[in-house]
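Here, each number is a calculation from the coordinates, and none is a lab measurement. These numbers come from a predicted model, not from an experiment. Cβ sites come from the backbone with ideal geometry, for glycine too, and all protein chains shown count toward neighbours.
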Amino acid sequence: MDQYLVFATNHWELHLALAAVLGMIVWSFIGNHFAGYRHIDPQGAVPLINREGGVVVDIRETKEFKEGHIVDALHIPINNLEKRHVELNRYKDKPIIVTCHSGARSSGACSTLRKAGFEHVYMMRGGMLSWKSASLPVVRKKK
């Protein structure tokens, strides 16, 4: 035990790094609970869309959206979401499923929608990449 205390004292940076890594691991498991929105995979999104009238909000750039998007998805680029979220007010009582290319940009959009008062916000895990890999339908916007 004495050797451990000497090691810990001499290498406090390693212990600090260990604590940070452990903290990040714990946060990855409990952080979703505090974020106010839920994560959902494409297979979970389909029933929300078909049975509960869920609305897909695609936050990708226009070029990405035109290359292929979910049927009836609303296109609101992430840079315009704060200004244009009022367009979604008629869907406040419906599930809102936010998607981007890979899922990386969606968390910020979900937070913006939660702050704007939307209760049923879902972030699609893996974005359009996971939607396409699940062989779910995609439509292309004509140029």
- Sum up the lysine pairs in the chain that clear both bars: alpha-carbon distance under 12 Å and a spacing of 8 or more or different chains. 6
- Note on the structure: Stretched fully, the stretch from residue 21 through residue 111 gains (0.36 nm per residue minus C-alpha distance, one decimal, in nm) 30.0 nm
- Per DSSP H run of n ≥ 4, the term is -39500 (n - 2.57); total these for the chain, divide by its residue number, and report the mean residue ellipticity at 222 nm rounded to 500 deg cm²/dmol. -14500 deg cm²/dmol
- Query: Given C-alpha coordinates of region 6-128, what is the ratio Rg to Rh with the Kirkwood estimate of Rh?
  - Reply: 1.15
- Task: Run the dipole for region 1-132 about the Cα centre, Lys and Arg Cβ at +1, Asp and Glu Cβ at -1, nothing else charged, and hand back the magnitude in debye, nearest 20.
- Result: 480 debye
- When the chain is modelled as a GNM with alpha-carbon springs shorter than 10 Å, which of 121, 55, 86 fluctuates the most? 86
